[in-house]
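Before any comments, here is the structure.
Just so it is clear, none of the values below were taken in a lab; they were calculated from the coordinates. Bear in mind the structure is a predicted one, so any value in this text is a computation, not a measurement. Cβ atoms come from the backbone with ideal geometry, glycine included; neighbour counts cover every protein chain shown.
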């Protein structure tokens with residue numbers, strides 16, 4: 001059983017806005033693949049901050065980057081250049097098709113920036129076109145504009161009136177997308193894997209078709225890689241697994257390996273902000289950029305992504321065996337963003353039961369488990385996860 005929060009913290013936690021149901025646990029330490037509560041109990045973490053902790057909890061390279069940079073420069077203001085910011089932008093552009101970068105603090109901010117950039121481009125180059133096509137069950141963030149862009153059903157009635165100009169169409173349906181294009185359409189925005197929808201991948205033909213539609217109709221192609229970027233799917237960016245060249249891409253989560261930083265990347269043709277159009281107090285913060293540089297340096301080591309592919313293959317093999325043994329559903333995803341369907345079992349209940357046994361999982365849907373471990377996970381941790389699930393499913397049977 002988990003150790004409840006001590007009485008003092010139990011009282012103080014009431015000062016936090018109740019934005020999500022949290023279990024009665026207070027984590028005090030994290031190292032590698034494990035979190036530790038106030039009693040010292042260890043939890044194998046297969047969520048890692050929702051695909052955020054690329055290298056696990058408190059890795060040495062991030063600790064060193066924070067310590068070294070904090071002794072040099074923390075915040076000169078975004079009105080000036082700083083070396084970590086320049087180096088990070090150069091590295092991202094050197095390993096992608098993009099030419100320029102704007103740094104922000106969260107994936108939602110990066111996506112908000114992408115929406116603004118697309119509309120600015122429409123004003124300058126497409127007679128004021130402003131509409132953006134997005135997809136059912138998509139997730140792009142929690143600002144008012146990104147919630148408006150999101151295709152999550154639960155968001156539909158919230159905070160009305162929302163930002164207009166987003167046309168929602170079914171995912172993986174090219175004909176419906178083409179029919180939605182009109183003279184006011186400026187861009188198509190999508191996730192190549194819809195994580196919050198249950199790890200639903202875009203079909204290759206669909207993605208190639210979208211790229212062709214963008215060329216045909218002079219539209220911008222915006223790829224939201226907040227969850228899939230930074231080697232999560234086995235390549236540095238998920239779009240690199242398709243024969244496409246997006247105009248705009250957004251990054252977040254894994255870019256900082258645990259610290260708040262995101263990025264909006266664009267080609268020269270799409271990068272059209274004028275002075276004053278975009279900004280932010282902490283954009284390009286050298287402390288956060290130093291960490292992101294350390295994460296990228298590690299991920300770009302020659303043997304890193306091959307290990308991600310190897311562990312992905314092993315994890316999928318173990319999940320497949322588990323599914324066959326207990327008559328579960330399909331395994332979806334790429335790299336180390338995976339999902340398992342549990343048609344006869346309530347996934348949130350499995351998450352609760354696993355947590356009691358010291359394993360942290362996520363259930364984005366009623367019958368879907370999602371796995372987002374650190375990218376340096378080993379067979380030992382995967383085996384422990386599978387053993388835990390096997391025990392729970394045995395008990396249920």
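Note on region 144-167 and region 239-289: Cα centroid distance 22 Å, given to the nearest whole angstrom. Of the beta bridges in the chain, as assigned by DSSP with both residues counted there, near 65 percent are antiparallel.
In a fully extended conformation the segment linking residue 58 and residue 163 would gain 34.0 nm over its present Cα-Cα distance, using 0.36 nm per residue. Here the ratio of the Cα radius of gyration of region 317-397 to 2.2 N^0.38 Å is 0.98.
Taking all Cα pairs closer than 8 Å and separated by 6 or more residues, the relative contact order of the chain comes to 22 percent.
Quick one: Kirkwood hydrodynamic radius for the chain, alpha-carbon pairs, angstrom, one decimal? Walk me through the intermediate numbers first.
Working: mean 1/r = 0.0455 Å⁻¹.
Value: 22.0 Å, from the Cα pair sum.
Full extension of the chain segment joining residue 22 with residue 41 gains 5.1 nm, where the gain is 0.36 nm per residue of separation less the Cα-Cα distance.
For the chain, the longest principal axis of the Cα atoms and the long axis of helix 204-217 meet at an angle of about 20 degrees.
Using R0 = 41 Å, the C-beta based FRET efficiency linking residue 309 and residue 156 works out to 0.60. Counting only alpha carbon atoms, the long axis of helix 379-396 and the longest principal axis of the chain meet at about 70°. Can you give me the pair-distance distribution of region 73-299, C-alpha pairs, 5 Å bins, whole percents? Taking every Cα pair in region 73-299, the percentages come to 1, 7, 15, 20, 21, 17, 11, 6, 2, 0, 0.
Roughly what % of Cα-Cα distances in region 139-257 sit above 23 Å, to the whole percent?
The share of Cα pairs beyond 23 Å in region 139-257 comes to 29 percent.
With a simple spin-label model that places each label point 7 Å from the Cα along the Cα-to-Cβ direction, the separation between residue 31 and residue 217 comes to 5.4 nm.
Label-to-label distance, residue 179 versus residue 379, with points set 7 angstrom from Cα along the beta-carbon direction: 5.1 nm.
Between residue 297 and residue 324, the modelled label-to-label distance comes to 4.4 nm, taking each label 7 Å out from Cα in the direction of the beta carbon. Return one number: the angle in degrees, 0 to 90 and rounded to the nearest 10, between the long axis of the Cα atoms of helix 107-125 and the longest principal axis of the Cα atoms of the chain. Computed tilt is about 10 degrees. Extents of region 217-352, largest first, come to 59, 40, 33 Å (Cα atoms, principal axes, whole angstrom). Rg/Rh, computed from the Cα trace of region 56-163 with Rh as the Kirkwood radius, has the value 1.06.
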